[in-house]
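Since the structure comes first, as C-alpha cells, the remarks are kept for the end.
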Amino acid sequence: MDKEIYDNSSKEFDVIALGELLIDFTQSGISAQGNGLFEACPGGAPCNVLSMLQRLNKKTAFIGKVGRDSFGSLLKQALLQQGIDASQLFFDESIPTTLAFVHTMPDGDRDFSFYRKPGADMMLREEEVEEAFIAKARLFHFGTLSMTHQEIRRATKKAVRLAKKNGLLISFDPNLRPPLWDTMQNARAQMEYGLGMCDILKIADNELCFLTGKEDYDEGIACLQRAYRIPLILLTMGKDGSRAYYKGSCIKADGFSCHTIETTGAGDTFFACVISYVLEHGLYDLTEPELKEMLTFANAAAALVTTRKGALRAMPQREEVERWIEEYQG
C-alpha cells in the first residue's frame with residue numbers, strides 16, 4: 001500500500017461501503033390480542049458500519065439498491081438523516097426492498113428470517129459501480145451478503161478491484177448468514193475471496209471455526225495469517241471481548257457487562273470503531289497500547305448498542321462511549 005495514497009485526507013469520503021440495505025423487523029412486544037409486534041428498523045451490516053462512522057465524524061457513502069416502494073423510501077431517508085451520502089443508492093422498479101425478521105433469544109442473541117428471493121439489494125449491477133466514485137474514498141468496506149448471488153457478486157468484485165487499483169484500504173466482514181446461501185461451499189468460497197482481498201478483517205468466533213475447523217482461536221487465526229497475510233485481524237467473541245492479531249502479536253480486551261436487549265449491530269458497531277481508529281492512526285505502525293485502546297473503545301460501543309433496539313439509528317456518540325468506559329472502569 002502506498003502510504004501517501006493512504007494518508008490522503010483530501011478525499012471526499014473516508015469510507016465507501018457496498019452491500020445490503022434492508023428493513024430489520026425486530027420484536028417489540030405483544031399486542032392486546034396476543035400477537036407479536038415488530039418494529040421496522042433500517043438496517044444492513046454495511047450501513048450500520050457507516051452510521052457508527054458518522055457518529056465518529058467520518059465522511060461516508062453507500063452503494064446499493066432498494067425497491068421502489070415505501071420501505072425503499074424509508075431507507076433512503078434513514079441514510080440521509082445519518083449523514084451518509086446516498087447518491088449511489090439505486091431503486092429497482094420491479095423487485096421489492098429486502099426484509100429481515102429478527103427473532104430475539106432470551107440472552108439477546110438472534111435468529112433471522114429473510115424475505116429475499118429475490119430482494120432489491122441483490123439487483124445491483126456491475127455497470128452501476130463507477131470507478132470515479134470509488135476513487136473518492138480512503139477505505140472501501142464490504143461483506144459477503146453482497147456476494148450470495150451472481151449479479152451483485154459481480155458488482156461487489158468490480159468495486160473491490162477498483163478500490164485496489166485506486167489505493168484504498170479494504171475492510172471485510174464475512175458476516176455469515178447460512179439461510180442466504182445456496183450451499184455452504186459457495187459461502188466458504190466467497191468468504192475466502194474476501195480474505196484474499198482485505199487489509200482489515202473482522203471475524204466472529206463461529207465464522208473462524210467455520211472457515212478453519214479450529215476450536216482454538218489462536219490456531220484458527222494462525223491458519224488465516226499463513227494463507228492470506230492480512231495486516232490486521234480482529235476476532236470478536238461476544239460478551240467475552242475481542243482480540244487484535246497484528247505483526248505476530250495478540251492483544252486482548254475484555255467485554256463490557258450490560259443489560260442486553262438484542263445484539264443486532266454489535267459487530268458492525270465494533271468494526272466501525274476499529275476502522276475509524278485506523279483512519280486516524282494509520283494501519284502500519286500501531287503499538288500495543290494503541291491496539292488495546294482501540295479494542296476497549298470498540299467493545300464498549302458494541303456493548304452500548306446491545307442495550308437498544310435497532311442498529312442504524314441506535315449508534316452511540318463518541319463522548320457517550322468515552323463516558324461509559326470511564327464510569328465502567330472507575
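The values are calculated or read from the model by the stated rules, or taken from the named source; none is laboratory data. Computed from a predicted model, the values in this text were never measured in an experiment. Here the Cβ is made from the backbone with ideal geometry for all residues, glycine too, and neighbour counts use every protein chain on show.
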Next item on the list: Just give me the residues in the range 198-243 being out of contact with any Phe, Trp or Tyr (no Cβ under 8 Å at 6 or more places or on another chain), among the basic types (K, R) and closer than 22 Å to P178 by Cα, in sequence order.
Entry: K214
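Restricting to the range 298-321, name every residue that is assigned to a helix (DSSP H, G or I), touching a residue at least 12 places away in the same chain (Cβ under 8 Å) and under 12 Å from R55 (Cβ atoms).
Of everything in the range 298-321, those that are assigned to a helix (DSSP H, G or I), touching a residue at least 12 places away in the same chain (Cβ under 8 Å) and under 12 Å from R55 (Cβ atoms) turn out to be A301, L304, V305, R318, E320, V321.
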Checklist line | Residue count, the range 195-220 (criterion: more than 26 Å from F101 (Cβ to Cβ), in contact (Cβ under 8 Å) with a residue 24 or more places away in the chain and among the small types (G, A, S)) | finding: 1
Check: In the range 45-80, how many are more than 16 Å from D121 (Cα to Cα), in a loop (DSSP other than H, G, I, E, B) and touching a Ser or Thr at 6+ places or on another chain (Cβ under 8 Å)?
Finding: 2
Next item on the list: Enumerate the pairs (first residue in the range 231-250 and farther than 16 Å from F271 by Cα; second residue anywhere and acidic (D, E)) with beta-carbon separation below 7 Å, excluding pairs fewer than 6 apart on the same chain, so at least 6 apart or on different chains.
Entry: S249/E288; C250/D218
Checklist line | Tally, over the range 21-44, of residues that are crowded, with 22+ Cβ neighbours inside 10 Å and either modelled with pLDDT of 95 or more or part of a strand (DSSP E or B) (or both) | finding: 8
Next item on the list: Go through the range 81-102 and give me each residue that's small (G, A, S) and outside any strand (DSSP E or B).
Entry: G83, S94
Margin query: So the check is Cβ under 7 Å with 6+ separation or different chains; which pairs have a first residue in the range 276-293 that's under 10 Å from L169 (Cβ atoms) and a second one that's of a type in the set (A, V, I, L, M)?
Written below: V278/I200; L279/L139; L283/L169; L283/L232
Notebook entry, point to check: Would it be correct to say that I233 is closer than 21 Å to V160 by Cα and either surrounded by fewer than 21 Cβ atoms within 10 Å (Cβ to Cβ) or modelled with pLDDT of 95 or more (or both)?
Noted result: yes
Next item on the list: Find the helices (runs of 4 or more DSSP H) located wholly in the range 113-216 whose residues include 3 or more that are more than 20 Å from Y228 (Cβ to Cβ), and list them.
Entry: 131-134, 150-165
